[in-house]
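Here is the structure we will look at, set down as structure tokens.
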Amino acid sequence: MKNFKPQSTLLALALFPTLYACDGQQNTQTTSWQKTAHGAVVSLQNSDFKKVRVQVIDEDIIRVTATPQEDFSNLPDTLMVTAQPQDVAFSITEENGELIVKTAEISAEISLASGVVEFKNAAGQVLLSEADRSMARVMDEPGPIDADSHSFRQRFQPQSDEAFYGLGQQQDGRVNYRGENIELTTYNMEITIPYLVSSHNYGLLWNNAGVSRLGDPLPPQPLPEGFKLYDANGEPGGLTARYYDGDELKLERSEADLNYQFLSHASVREIPLPEEVANAQDLRIQWIGSIEPTVSGEHEFKMYSSGYASLSLDGEELLNRWRMNWNPWYHNAEVDLKAGEKYALSLDWQPQGGYMRLLQHGPLPAIEQQQLSFTADTGKAVDYYFVAGDNQDDVVAGYRELTGKATMLPKWAFGFWQSRERYKSQDELLGALEEYRERKIPIDNIVLDWSYWPQDAWGSHDFDKAHFPDAKAMVERVHELDANIMISVWPKFYPTTDNYAELNAKGCMFNKNIEEKNLDWIGAGYLNAFYDAYNPECREIYWSQIRDKLNTVGFDAWWLDAVEPDIHSNLSFKHRKDLITPNAMGTGAEVFNAYALPHAETVYQGERKTDGDKRAFILTRSGFGGIQRTASAIWSGDVVSRWSNLEEQIAAGIGVGMAGMPYWTFDIGGFTPEDRYRYNGDVVVGNYKEMAQSEQQEWQELNLRWFQFGAFTPLFRAHGQNPYREIYNLADEGSDTYNSMVDYTKLRYRLMPYIYTLAGDAHHKDGTMMRGLAMDFGADPKVRDINTQYMFGPSLLVNPITEFGARSRDVYLPAGTDWYDFNSGEKYSGGQTIDAAAPYTQMPLFVKAGSILPTGPEIQSTAESINTPLTLNVFTGADGRFEIYEDDGKSYGYEKGQWSRIPVSYNEASGELTIGERTGSFDGMAKQRAISVRWIDQGDKPADLNGTADLSLQYSGTPITLKRG
């Protein structure tokens, strides 16, 4: 380790010279341009890029493709984009050395000297300008690497006041990615949707299915790339590493690269632990010393870790994290440092069998810090779509136009789900559902997680008869209990199964995992392989297998797990790419992020062919651009039961929504808890009472706060490893914890007319359910970086509690409107931060003045929600409007116009509420509806949904206007 020599920066400079150029300008000149059916192609000389094509996709969407080839025939299918150019009017003119391609809404102006593109709106105002583009050879990717494959970087020059959002699901707690370094990859907890949304109301869809980066074009680097290192005695070259077994020091040495990040194969580490601690029972490693930056500015530390890890600089703790050993990920800290100064660094790690590496990003050159940059590790061209809009919802709609409409999920998906890792028998599963029904706690979905098959037959899709003797009877009983059942299915197969044999005979299996003898973690371990979901024929075989074995049993929905694909955990990303190389579309590097999309889409389409008018529904652990068109929801993966992870889910959900995916959820309570919760001596904790008494209070509070948050996310889903996650296993009936969880479940169902309207709008109006504050309050600069609050639909400001023992929290109320405290009724002016009350049983929830919030009666499942009486809760103080959406909740009739809307509007000046003419209809719709009205003023109790209504009427679909008394 002492002999570590930093090479990456020099190599990068050699291979990516233009990536680090000060001005990025290339000496180019044009020879010609040519008009095409949907735009123009500019030909360049003396440039790495021979052609720049601009395509008009729609009046407000333009595609830009820059290629080093003579034509565009080699462009791959990235699987995301389904849109074709529309026949819209556009003009092409040449002026002052620029080619201007212009629609009624936007224009793209291409420099004939350099090929650089600038986008303007209809008024001629600049929205975004390219800075430059560059390319280099593909580095360090599994092959074969095509001769026409390159690494590409595209830089833009945004406005100084812009913020950027979206990109899918990151686990770093950030919402605004301006000036940040983001790796767009796929992992257990990371989902790339490569759509970036500007606060200036435009979006960029980066059309590449491989790993890409926003910001720094290189992945994070080892410490010596940015720092001089000194050990505990001040000697240069490395940090002091001390290895302990318990309190006994076993080894001390100097190390420059703190690297225990990956396995090489099976369970063998790429870099083994020292022999002195190979058999340590209580391993702890400490790295101490000093670091001296070579460049001044903001440095980002990226601690890739599992187990317990704490990073401090000059005595200040930057990071303190725990993750379960098998699922490490990055934790980030940004610090301003001065070149030439020494800073004391300390890193303490208790591995618990886990993984660690401390990496860093140094500051980019000054000019690049003001720019926006996308870099693709491998591709055939620079390729992106520019989408303009009048507001953030328009920009999301543009993404959906390109990649597909969001489907309507079945209505029951928006009710409460109970899940567990795992119900080990059909009696356990049915017992949990029956307990909910007996306790009168609303529920719509019970989930059968993995390992219901015989232990040695993963991929057989058979049931272990000892524990699931009659799966069909189990499903029928779930349906008798007015609920639905989802089943977990993986793209993984043991080679001893008939399903593997069928797929393998068609060349459909990624068998390198078997060849490497990478055993899984079941029993003593089994050889296994994943199938090639990039191959259409293989996907059809996959669907036919689950159709014939599982769909015939009557399951209502599919849980498509591990679809990154997680073939063998804790291998390097390069190794993971190699395990899916070759595939039907090329190499693993070229399509690394996209596996989940064709996998889910084929299941969705297969079910539609098989089950006809029954709405399909999929939960998938990964996704990609376009996943919203596949009847899928995504979730945040195997996050842990820690307060820091709870907080990070807020930003993760905001990023998903602003990237265009409306359906998202998480494991309420976190998937894996620390051992202090899971075990009590020899007891494996099920019910919370089996837990050590000292841990019970925090466990209950963590789950309750997560539960309160979960009630206001697109999908409301409890899941995790032991301890058990059923409400009655988390707390005793009658306790504050139990009562609050039940109350929030009931509130979720009372809000179903509002929530299902948000779902309807997601399809029919390209709406977004979980909304970053910048979507609705972009004129307020104070919301730009807020990462712990969001809007749930247009009316509800949600403010989760993410700190143990907190009984209040700062809540910023966006400017431009007044706000009602949903719990107390107190009214506040926007544009201020308040100390909002958060008693143990309540989460701060605010309602925007002018909101019309429809609610329904108490019900036990969404099946009871059709044609129920409605209450219109009108929050006075501003004009408002809302359209209540309804359909049958279960069929595809909504695609044929079988749905209805009831428009409601409120005029503050006149005090009049107008219930407008109902539009549309569907089978089973009642001709008349009982509607009540509650006027919510300062001091009223909005949360008292059983309070006396101010007005009641029978609504027959014809307009009626009501006067506020």
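The values are calculated or read from the model by the stated rules, or taken from the named source; none is laboratory data. Predicted model, so just to flag it, every value in this text is computed and none were measured. Cβ placement follows ideal geometry from the backbone for every residue including glycine, while neighbour counts extend to all protein chains displayed.
Points worth noting:
- Scanning the stretch 360-399 for residues that are charged (D, E, K, R), closer than 17 Å to residue 193 by Cα and surrounded by fewer than 24 Cβ atoms within 10 Å (Cβ to Cβ) yields a single hit, 393.
- Top-ranked residue of the stretch 868-895 - restricted to ones that are among the aromatic types (Phe, Trp, Tyr) and in contact with a strand residue (DSSP E or B) (Cβ under 7 Å, 6 or more places away or on another chain), ranked as farthest from residue 923 (Cα to Cα): 875
- Failed item in (1) in a loop (DSSP other than H, G, I, E, B); (2) closer than 23 Å to residue 874 by Cβ; (3) of a type in the set (A, V, I, L, M, F, W, C), with residue 801 passing the rest: (2)
- Qualifying strands (runs of 3 or more DSSP E) (wholly inside the stretch 136-193; at least 3 residues being buried (at least 21 other Cβ atoms within 10 Å of the Cβ) and either at positive phi or of a type in the set (Lys, Arg) (or both)): 164-169
- Among the numbered conditions (1) more than 22 Å from residue 760 (Cα to Cα); (2) in a loop (DSSP other than H, G, I, E, B); (3) free of Cβ contacts under 8 Å to residues at least 60 places away in the same chain, the only one that residue 952 does not meet is (2).
- Of all residues in the stretch 700-733, those satisfying the criterion of being hydrophobic (A, V, I, L, M, F, W, C) and out of contact with any Pro (no Cβ under 7 Å at 6 or more places or on another chain) are 702, 704, 706, 707, 711, 712, 715, 716, 718, 727, 730, 731.
- Taken together, the criteria place residue 768 among residues that are buried (at least 23 other Cβ atoms within 10 Å of the Cβ) and β-branched (Val, Ile, Thr).
- Condition check for residue 602 on (1) within 30 Å of residue 726 (Cβ to Cβ); (2) surrounded by fewer than 23 Cβ atoms within 10 Å (Cβ to Cβ); (3) among the hydroxyl-bearing types (Ser, Thr, Tyr): one failure, at (1).
- Of the strands (runs of 3 or more DSSP E) lying entirely inside the stretch 264-346, those containing at least 1 residues that are among the basic types (Lys, Arg) and under 29 Å from residue 568 (Cα atoms) span 283-293, 297-305, 316-323.
- Cβ-Cβ contacts under 6 Å between residues 6 or more apart (or on different chains), taken from a first residue in the stretch 719-748 that is under 14 Å from residue 422 (Cβ atoms) to a second residue that is assigned to a loop (DSSP other than H, G, I, E, B) and of a type in the set (A, V, I, L, M), are listed as 722/685; 723/685.
- When we screen 39, 24, 115 for residues that are at pLDDT below 95, surrounded by 12 or more Cβ atoms within 10 Å (Cβ to Cβ) and of a type outside the set (S, T, N, Q), the only hit is 24.
- Residues in the stretch 301-354 that are under 17 Å from residue 282 (Cβ atoms) and not aromatic (Phe, Trp, Tyr): 11 in all.
- Residue that is surrounded by the fewest Cβ atoms within 10 Å (Cβ to Cβ), among those in the stretch 868-887 that are in a loop (DSSP other than H, G, I, E, B) and of a type in the set (D, E, K, R): 879
- Some residue of the stretch 389-401 being hydroxyl-bearing (Ser, Thr, Tyr) and under 21 Å from residue 129 (Cβ atoms): no
- Restricting 690, 698 to residues that are within 23 Å of residue 306 (Cβ to Cβ) and surrounded by fewer than 24 Cβ atoms within 10 Å (Cβ to Cβ) narrows the list to 698.
- Residue match in the stretch 433-451 (condition: surrounded by fewer than 22 Cβ atoms within 10 Å (Cβ to Cβ), over 22 Å from residue 747 (Cβ atoms) and among the hydrophobic types (A, V, I, L, M, F, W, C)): yes
- Residue within the stretch 542-549 that is surrounded by fewer than 21 Cβ atoms within 10 Å (Cβ to Cβ), in contact with a strand residue (DSSP E or B) (Cβ under 9 Å, 6 or more places away or on another chain), at negative phi and of a type in the set (A, V, I, L, M, F, W, C) present: yes
- Here 424, 405 are screened, and the one residue that is assigned to a loop (DSSP other than H, G, I, E, B) and under 24 Å from the mean Cα position of the chain (by Cα) is 405.
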